[in-house]
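The values are calculated or read from the model by the stated rules, or taken from the named source; none is laboratory data. Please read these numbers as outputs of a predicted model, since none were measured by experiment. Ideal geometry is used to build each Cβ from the backbone, glycine not excepted, and the neighbour counts take in all protein chains shown. To get the accessible areas, we keep the full protein, side chains included, count just its heavy atoms, and leave off ligands, DNA and RNA. Shrake-Rupley method; radii C 1.70, N 1.55, O 1.52, S 1.80 Å.
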Amino acid sequence: MRALAAAATAVAAPTPARLRLRLPLAPRAPRSGHCRAAFPPRLLRSACSATTMGDETSTSASVAAQTQEPVEGAGSVKQQLSKLVVSSLSTTVPDVHVEPMVEVCTGKFGDYQCNNAMGLWSKIKGSGTSFKNPNAIGQAIAKNLPASDIIESTSVAGPGFVNIVLSNSWVAKRIQDMLVNGIGTWAPILPVKRAVIDFSSPNIAKEMHVGHLRSTIIGDTLSRMFEFSNVEVLRRNHVGDWGTQFGMLIEYLFEQFPNWKEIGGQAIGDLQIFYKASKHKFDNDEEFKERAQQAVVRLQGGEQKYREAWQKICEVSRSEFDLVYKRLNVELEEKGESFYNPYIPKVLEELNSKGLIKESEGAQVIFIEGHQIPLIVVKRDGGFNYASTDLAALWYRLNVEKAEWIIYVTDVGQQQHFDMFFSAARMAGWLPDPKEKKLPKTSHVGFGLVLGSDGKRFRTRSTEVVRLVELLDEAKSRSKSELLQRLTENGKIVDWTDEELEITSEAVGYGAVKYADLKNNRLTNYTFSFEQMLSDKGNTAVYLQYAHARICSIIRKSNKDVEELKMTGAISLNHPDERVLGLYLIRFAEVVEEACTNLLPNVLCEYLYNLSEMFTKFYTNCQVVGSAEETSRLLLCQATAVVMRQCFQLLGITPMKTTTDPNPKQKQSG
């Protein structure tokens, strides 16, 4: 292992002695490219003010938050209540260790609920305990809760369910503290400090298509949520940049463009056309096929001419990938297959020394319990495959990058591969048994297909896969058309510059594409529809953008300085709808925690939509401007806008300027 660690400190060129073939055991979708995309030249204009101490939505704020030490009262409400429950349990049943079970209460008797009593009763009944039933245990748990400003009252229902009512003054103070000190103070506390998230991962020499959309935006949102939660995230782009297809591409480049060095990327031109042409020649010309196979050997042998051609092809691909990542505002650091290639022999040597690798029909394999087929790590011809590369990458991530959680974002069709690959790592002693709930750990974030209106894979009319660049162009174009129509109808077109129209069209169009994907449970397929995703009605990004813009408009029209109100005013939650909104606002941290723990971005989308609906009810029933409670209610408006903007940031969506509100005269009760 020390020899491996020493090797890991050097950036070695990929020069394996054996032929590297790309024929995986189980079907596996391509993984992707490279980029550190910059943010748009400027954020879209917002009447809610830009980034203030109560509105930290930028990446810089998230990065800064990573250096903050946990403060008193940090973590979600559920986490803070769980600490109180742990204290109570240690007093109530000192000889029994159980995890606190605290959940949001959906009934009318409390805001949260502790559900430990029934489980405890099953453990201690018949053991001479003084408790007569679960209800008695629940009563004791409630009684033994430490005194806290968080809790207003408790009650016990049925078989020991402890209902907890939060203090209105504590809820109000928590919201006001967030406004003063920033949304970063509401970051949940996760049990990991460093995570690798492996996502996007297209193949070099192939253009990104709609199939890469889900991996890219799901992986980006997971990264943003973990980063907000003060986890150091290594965003990894495991591009397919090493394999037999490069022999075909290099030989075609040499044949068609002998002077390729002089004309550079122009020789390759359109990647799709170049790849198809070389593949057609490879399939139909035996002499060319033989030369291509020899080119692979020369490339992997380190011949300069072939390495230079390989680097040029990779360079052209990366520039294409970067355009997509920049549009989507996605940041990635490339560590492709070629990066891990030098580590494969030593990793396989370690696995072999542990007796895991067996000979089977000329190949070297690892037999995995519960699977009828083995995990092939060296093929009959001596070539490596996805399994050998992934094992080397996992070793590197565990031993060099010291990651505690390694997350792979690919389609559900690759589930078997990851199940076997993770099992092999556990057999090697690299990972603990999942039942032990210890670190480090690995997870496969699978996702379903993007479908067309016909219920089949989303394709063009000519049955080609939809190129991601063209899809984003269409989203922007449609968004711009609708924006121009709206601004013309409400007479505000004169207030907009061409630059603002372009930036807003991109923000709305790209945001609509992202949200339409992220709001679905990632495991399911979803139907791609521009009409639905760009609608301003229902659970869409456009509707939520307008809901946010409307809140900003309310604050702007009050002619009050919200920054001053944060410091001098106070929030009260006397009206039922004020309290409902306040309680939902402070749930934000535990929603992010749940989305991270279960790797489900749709949980955050659901929260964002529900928050907008709760605000609408609050605004309908609680007069804001001109009321006796104006200051408090303006602060609730500001808090809602801040949380919505943070949700947008975590989802990779840029809030648009506010003057496009389609319903600026929404009526409010007096």
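Values computed for the structure shown
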| read-out | value |
| --- | --- |
| Percentage relative contact order, segment 244-331, counting C-alpha pairs under 8 Å, at least six apart | 37 |
| J(HN,Hα) series, segment 590-606, from Karplus relation 6.51 cos²θ - 1.76 cosθ + 1.60, nearest Hz, glycine and proline x | 6, 5, 4, 4, 5, 4, 6, 4, 9, 6, 10, x, 5, 4, 5, 4, 4 |
| Relative contact order of the chain, defined on C-alpha pairs under 8 angstrom at six or more residues apart (%) | 20 |
| Spread of Cα-to-Cα distances over 5 Å intervals beginning at zero, given as percent, for segment 468-657 | 1, 7, 15, 18, 18, 16, 12, 8, 4, 1, 0 |
| √(5λ) per eigenvalue of the Cα gyration tensor, segment 244-331, largest first, Å | 24, 15, 13 |
| Built amide H within the under 5 Å cut-off of residue 441, gap 5+ | 405, 406 |
| Filtered GluC sites (Glu not before Pro), segment 351-382: DSSP coil and at most 10 other beta carbons within 10 Å | 361, 369 |
| Segment 549-632: chymotrypsin sites (Phe, Trp or Tyr not before Pro) falling in loop per DSSP and having at most 12 other Cβ within 10 Å | none |
| Fraction of beta bridges assigned by DSSP in segment 150-302 that are antiparallel (%, nearest 5) | 50 |
| Surface share of carbon and sulfur [accessible, 1.4 angstrom probe, percent] for segment 358-459 | 47 |
| 32 Å Cα-Cα threshold exceeded, pairs from 346/435; 276/402; 173/557; 492/514; 143/193; 326/456 | 276/402; 143/193 |
| Between segment 616-646 and segment 244-298, the Cα center-to-center distance that results, in Å | 62 |
| Interatomic Cα distance distribution for segment 77-166, bins of 10 angstrom, percent | 18, 57, 23, 3 |
| Value of D in µm² per second that Stokes-Einstein yields for the chain, Kirkwood Rh from Cα pairs, at 25 °C (0.890 mPa s) | 89 |
| Net charge contributed by nearby residues that have their C-beta within less than 11 Å of residue 364 (K/R +1, D/E -1) | +1 |
| Assigned charges on the beta-carbon of Lys, Arg, Asp, Glu; segment 184-310 dipole about Cα centre (debye) | 480 |
| Segment 482-557: trypsin sites (Lys or Arg not before Pro) in DSSP coil with no more than 10 other Cβ atoms inside 10 Å | 537 |
| Table column - 3J(HN,Hα) (Hz), segment 636-647, Karplus curve with 6.51, -1.76, 1.60, x for Gly and Pro | 5, 4, 5, 4, 5, 5, 4, 5, 4, 5, 5, 4 |
| Fraction of antiparallel bridges per DSSP, the chain only, in percent to nearest 5 | 55 |
| Farthest positive-ward along segment 468-657 dipole, Cα basis, beta-carbon charges - from 650, 611, 493 | 611 |
| Accessible area in square angstrom per residue, segment 244-331, 1.4 angstrom probe | 51 |
| Segment 503-600 - percent of accessible surface contributed by carbon and sulfur, probe 1.4 Å | 50 |
| Charge dipole of the chain about the Cα centre (unit charges at C-beta), most positive-ward option of 372, 341, 243 | 372 |
| Residues with amide H under 5 Å from that of residue 111, placed H, sequence gap 5 or more | 164, 165, 166 |
| ³J(HN,Hα) computed for each position of segment 443-448 - Karplus, 6.51 cos²θ - 1.76 cosθ + 1.60, integer Hz, glycine/proline x | 9, 9, 9, x, 9, x |
| About the Cα centre, charge dipole magnitude for segment 244-331 (Lys/Arg +1, Asp/Glu -1 at Cβ), debye | 200 |
| Check: the chain dipole with +1 on Lys, Arg Cβ and -1 on Asp, Glu Cβ, in debye | 840 |
